[in-house]
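Participant: Dropping a structure here in structure tokens format, bear with me for questions.
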Amino acid sequence: MTRQLIIVESPAKVKTIKKFLGPSYTVQASVGHVRDLPASSLGVDESHDFAPHYEIIDKKKDVVSALRAAAARADTVYLAPDPDREGEAIAWHVAELIRDKAKDIKRIQFNEITERAVREALAHPRGLNAHLVDAQQARRVLDRLVGYKISPLLWKTIKRGISAGRVQSVALRLIVEREAEREAFVPEEYWPFHAVLAADEPPVFRAELTKISGKKALVRNAGDAEALESALAGKPFTVEKVEEKERERAPQPPFITSTLQQAANQRLSYGAKRTMSIAQRLYEGVELGDRGLTALITYMRTDSTRIADEARAAAKSFIAEKFGKEYLPARARIYKARGGAQDAHEAIRPVDVTLTPDMVREWLPPEQYNLYSLIWSRFVASQMASARFHDTTASIACAHTLWQAKGERLLFAGHLAAWPRGREEGGALLPPLAPGQTLRLEKLEKEQKFTQPPARYSEASLVKALEELGIGRPSTYAAIISTLQDRDYVRLDARRFVPTDLGRVVCAQLVEHFGRLMDVGFTAHMEEGLDKVAEGGENWVDLLRAFAADFNPTLDAAAKNMRSVKAGLPADIACPQCGKPLVIKFGKAGAFLACTGYPQCRYTSNFARNEDGKVEAVAQEKPQYEKVGQCPRCGRDLVIKTSRTGSRFIACTGYPDCDYAAPFSTGVACPRCGKGSLVEKSTRRGKVFFSCDQYPQCDFALWDRPVPGPCPRCGSPYLVEKKRRDGVKVLCPVKGCGFVRDDDDEDAEGAGAEGTHGLR
């Protein structure tokens, strides 16, 4: 029997694809990238055409061994990573590692994980696309050159552990410059007027003051507002003109990556990273009861609005049946992609349009249901008829002033039946009005307001700005935003990005010394160059040579001229203890105020910036600690503390005289070595996990909090806490056991825990 091996990126895809294929097919996952540039060195030979030195990623060595063994047993290996540049690069790396074992290697790709799409891909394999591989390799090398060469300068002059990025730093510049605009903004007072009016028939409506004595209405202060109100007292409001017209509103195209991220942020308050993670699960497949593992959406990294003919035909049939034939447009809707868009695969859409959100709701966690509903509704609406409105605009005179009222009446919902407008998008209703008609003033409203500075970027508006400016690509936006937050360059305030002092100083250093690299136009031009490489129109080595010709001299100059700010940045306030100037310093736990009189004066404080951007010291509350025993070294109290990355530990209250500390134990013995116990730890990014205290002799670790066992069903020496839709449950970590402890500690049937995977 012929043996076929399909290699995909994600283990989740393995289960979905196995459903479609017979026993002659084996499906295995690379679990993402298998090779990369080394972590401890540049890994790029600039003197030999920027040749990259790739290494197998440490935690993927077992994966690579398994892929090589499977390739040796197969007659044909089909490389099926995701259908984009990154996926093409992963396919190429896997091919390089199995080439000496495999008899025949082919590349396949599919935009949706369905039996039809997978079998169609298998029937039409192709070779690896060298241009796409070169484009991804060029991007990786570019980013490595920028990151590895500029970051040490930032360590030397600002703080260790921070980084620069070819795209991330330009995104930071947008946020920092927007904040500078806000701080420089001078608000101006103004007084808008509205008249609440009644006609012969309801409803009452509001009209806005637009002109005074034939000029644009501009009431600057309270005195002018009072004078205008007095001048209008007792004067009639008369309709001068009524304009009516019918208006159509066409639907928006189906989602691409960037517009999905924007809509999910605006309508669901999901960040870009969270949105892409949820979409990945919907693409790879979710359990839907009797249907089993089912892929719900097409590939979610795309900047094309193209829709397959069969998907458009399916949408047409569905709309006619569910909404009626009048909801279909006169001609099929085909959306034109924006300039520079990659058209390798379709827009983001439901795999099966007849699988409505309501039909899958009971099987999906809320966040998956919400995102699927968003994608499904947008796609269906994109193939529907335009909405029609009857618009009315009334011009109303009162003394020397002119007022305007606007209203609309929905004539035909069209696509709004599937994609309703937000509240703020709807128009008011007006009563029947006619020229010469006198209206009754119910109330005259005036309000003091001030002009507002430009709004800070939200995730949605930042993604929109990056896309419009041609900075990065939609598939990279989530990572860019995540990195800016992880590096403590920005923070979120009311879902808007605010640059930290660290972000400001990093941006200032980079703009001063790497002006061209930080230029929006230059960054966009580099993206265009990478696109040309992907299309075969430019050689990737030539692109890098042109970049290095400008970058290397700039780097040399920056190494000589970049000034250190480790002594601190001026805070423009005096030390409350000694009167000497305070400065802003950057420590492991973030920015803080310190006295320039150190070491004689040891004053430090947290700080905040007011609305004008001025620094203000913030009193720090003394933390309350839980006492847990006596220190074995000095006899003082031991307390539970929390590290800066989030995990708890035990420490002596006598610090710094006594530096005794111990990890926080869960009380569960290590199930692997039996010698140690599982203790609480946290990653650099603040995610808590649990590992054996005998590390590195024992490298057992898990994400879920361990609970003393044993499992009454299978004998596992420990259980774990897992967060599920019905709350936090204690269950068995052994795959297939299915034990879930109920509130009465009785043996209960459950859905079963997924295997608890080791981290190292």
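Participant: In the stretch 638-653, what count of residues is obtained for those that are modelled with pLDDT of 85 or more and either more than 21 Å from Pro708 (Cα to Cα) or out of contact with any Ser or Thr (no Cβ under 9 Å at 6 or more places or on another chain) (or both)?
Facilitator: 7
Participant: Go over the candidates Ala171, Ala199, Ala130, Ala135 one by one and state the one that is among the small types (Gly, Ala, Ser), out of contact with any His (no Cβ under 9 Å at 6 or more places or on another chain) and open to solvent by 50 Å² or more (accessible area, probe 1.4 Å).
Facilitator: After applying the criteria, what remains is Ala130.
Participant: Okay, moving on. Select from the stretch 336-379 the residues that are closer than 30 Å to Gly529 by Cβ and either open to solvent by less than 20 Å² (accessible area, probe 1.4 Å) or touching a Cys at 6+ places or on another chain (Cβ under 8 Å) (or both) and write down the one among them that is modelled with the highest pLDDT.
Facilitator: Ile348
Participant: Suppose the filter is crowded, with 21+ Cβ neighbours inside 10 Å, under 28 Å from Glu208 (Cβ atoms) and in contact with a Gly (Cβ under 6 Å, 6 or more places away or on another chain); does Leu439 pass it?
Facilitator: no
Participant: Being under 26 Å from Ser386 (Cβ atoms) and aliphatic (A, V, I, L, M) is the filter here; which residues of the stretch 216-267 pass it?
Facilitator: Val242, Ala250, Ile256, Leu260, Ala263, Ala264
Participant: Could I ask something else about it? Residues of the stretch 244-292 being open to solvent by 40 Å² or more (accessible area, probe 1.4 Å), of a type in the set (A, V, I, L, M) and over 21 Å from the mean Cα position of the chain (by Cα), which ones?
Facilitator: Ala250
Participant: If we scan the stretch 157-165, do we find a residue that is part of a helix (DSSP H, G or I) and in contact with a Gly (Cβ under 8 Å, 6 or more places away or on another chain)?
Facilitator: no
Participant: For the stretch 104-127, which positions are outside any loop (DSSP other than H, G, I, E, B) and either over 24 Å from Val533 (Cβ atoms) or open to solvent by 60 Å² or more (accessible area, probe 1.4 Å) (or both)?
Facilitator: Correct list: Lys106, Glu115, Arg116, Ala117, Val118, Arg119, Glu120, Ala121, Leu122, Ala123, Arg126.
Participant: Is it the case that the stretch 147-158 has a residue that's small (Gly, Ala, Ser) and either touching a Lys or Arg at 6+ places or on another chain (Cβ under 7 Å) or at pLDDT 95 or above (or both)?
Facilitator: Checked against the condition, which is being small (Gly, Ala, Ser) and either touching a Lys or Arg at 6+ places or on another chain (Cβ under 7 Å) or at pLDDT 95 or above (or both), the stretch 147-158 yields no hits at all.
Participant: Would you tally the residues in the stretch 10-52 being of a type in the set (A, V, I, L, M), out of contact with any Gly (no Cβ under 8 Å at 6 or more places or on another chain) and assigned to a loop (DSSP other than H, G, I, E, B)?
Facilitator: Number of matching residues: 5.
Participant: Still on this structure: When the stretch 633-664 is examined, which residues are found to be surrounded by fewer than 16 Cβ atoms within 10 Å (Cβ to Cβ) and either aliphatic (A, V, I, L, M) or assigned to a strand (DSSP E or B) (or both)?
Facilitator: Residues satisfying the conditions are Asp637, Ile640, Thr642, Ala661, Ala662.
Participant: Let me ask you something else. So Glu321 passes all but one of these: (1) more than 30 Å from Leu462 (Cα to Cα); (2) touching a residue at least 40 places away in the same chain (Cβ under 8 Å). Which condition number does it fail?
Facilitator: The number of the failed condition is (2).
Participant: Quick one: count up the residues across the stretch 20-31 that are exposed (fewer than 14 other Cβ atoms within 10 Å of the Cβ) and either within 33 Å of the chain's Cα centre (by Cα) or among the small types (Gly, Ala, Ser) (or both).
Facilitator: The number of residues fulfilling the criteria is 2.
Participant: Is at least one residue of the stretch 83-103 in contact with a strand residue (DSSP E or B) (Cβ under 7 Å, 6 or more places away or on another chain), touching a residue at least 60 places away in the same chain (Cβ under 8 Å), in a loop (DSSP other than H, G, I, E, B) and within 15 Å of Glu9 (Cα to Cα)?
Facilitator: no
Participant: Residues of the stretch 583-597 being of a type in the set (Gly, Ala, Ser) and modelled with pLDDT of 90 or more, which ones?
Facilitator: Hits for the stretch 583-597 are Ala594, Gly597.
Participant: Follow-up question, since we're still on this one. Looking only at the stretch 145-162, decide whether some residue is open to solvent by less than 50 Å² (accessible area, probe 1.4 Å), in contact (Cβ under 8 Å) with a residue 60 or more places away in the chain and within 30 Å of Thr302 (Cβ to Cβ).
Facilitator: The answer is yes, given that some residue of the stretch 145-162 is open to solvent by less than 50 Å² (accessible area, probe 1.4 Å), in contact (Cβ under 8 Å) with a residue 60 or more places away in the chain and within 30 Å of Thr302 (Cβ to Cβ).
Participant: Can you name the residue in the stretch 722-749 that is under 16 Å from Pro671 (Cβ atoms) and open to solvent by 60 Å² or more (accessible area, probe 1.4 Å) and is also modelled with the highest pLDDT among such residues?
Facilitator: Val734
Participant: Let me ask another. List pairs: first in the stretch 354-374 and part of a helix (DSSP H, G or I), second among the acidic types (Asp, Glu) and open to solvent by 50 Å² or more (accessible area, probe 1.4 Å), Cβ under 7 Å, 6+ apart or cross-chain?
Facilitator: Trp363/Glu287
Participant: Six or more apart or on different chains, Cβ under 9 Å: which pairs go from a residue in the stretch 269-293 that's among the hydroxyl-bearing types (Ser, Thr, Tyr) to one that's part of a strand (DSSP E or B)? Could you list them?
Facilitator: That search, which allows pairs on different chains as well, returns Tyr283/Ile297; Tyr283/Ile348.
Participant: Taking Leu21 as meeting all but one of (1) aliphatic (A, V, I, L, M); (2) out of contact with any Phe, Trp or Tyr (no Cβ under 7 Å at 6 or more places or on another chain); (3) farther than 21 Å from Ala117 by Cα, write down the number of the exception.
Facilitator: All conditions are met except number (3).
Participant: Here are Asp501, Asp488: which of them is in contact with a strand residue (DSSP E or B) (Cβ under 7 Å, 6 or more places away or on another chain), open to solvent by 50 Å² or more (accessible area, probe 1.4 Å) and in contact (Cβ under 8 Å) with a residue 40 or more places away in the chain?
Facilitator: Among Asp501, Asp488, only Asp488 is in contact with a strand residue (DSSP E or B) (Cβ under 7 Å, 6 or more places away or on another chain), open to solvent by 50 Å² or more (accessible area, probe 1.4 Å) and in contact (Cβ under 8 Å) with a residue 40 or more places away in the chain.
Participant: Filter the stretch 57-81 for residues that are touching a helix residue (DSSP H, G or I) at 6+ places or on another chain (Cβ under 7 Å) and among the hydroxyl-bearing types (Ser, Thr, Tyr) and give the result.
Facilitator: Selection gives Tyr78 alone.
Participant: Take Lys59 and decide whether it is free of Cβ contacts under 8 Å to residues at least 60 places away in the same chain and either open to solvent by 50 Å² or more (accessible area, probe 1.4 Å) or more than 23 Å from Arg291 (Cα to Cα) (or both).
Facilitator: No, not satisfied.
Participant: Tell me, which residue of the stretch 70-103 that is of a type in the set (A, V, I, L, M, F, W, C) and open to solvent by 30 Å² or more (accessible area, probe 1.4 Å) is nearest to Gln28 (Cα to Cα)?
Facilitator: Selected residue: Ala72.
Residue-by-condition table, conditions (1) free of Cβ contacts under 8 Å to residues at least 24 places away in the same chain; (2) under 22 Å from Gly676 (Cα atoms):
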{"site": "Asp693", "(1), (2)": "no, yes"}
{"site": "Ala701", "(1), (2)": "no, yes"}
{"site": "Asp704", "(1), (2)": "no, yes"}
{"site": "Pro708", "(1), (2)": "no, yes"}
{"site": "Gly715", "(1), (2)": "yes, yes"}
{"site": "Tyr718", "(1), (2)": "no, yes"}
{"site": "Val730", "(1), (2)": "yes, no"}
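Participant: List the strands (runs of 3 or more DSSP E) that sit entirely inside the stretch 192-296 and contain at least 2 residues that are more than 30 Å from Lys443 (Cα to Cα).
Facilitator: Strands (runs of 3 or more DSSP E) meeting the threshold: 237-249.
Participant: Also, quick follow-up: Would you check if there is a residue in the stretch 308-329 being part of a helix (DSSP H, G or I), at pLDDT 90 or above and of a type in the set (Ser, Thr, Tyr)?
Facilitator: Yes, the stretch 308-329 has at least one match.
The values are calculated or read from the model by the stated rules, or taken from the named source; none is laboratory data. Bear in mind that the values here come from a model prediction, so they are computed numbers and not experimental data. Here the Cβ is made from the backbone with ideal geometry for all residues, glycine too, and neighbour counts use every protein chain on show. Note: accessible area is taken over every heavy atom of the protein model, side chains too, but ligands, DNA and RNA are not part of it. Shrake-Rupley method; radii C 1.70, N 1.55, O 1.52, S 1.80 Å.
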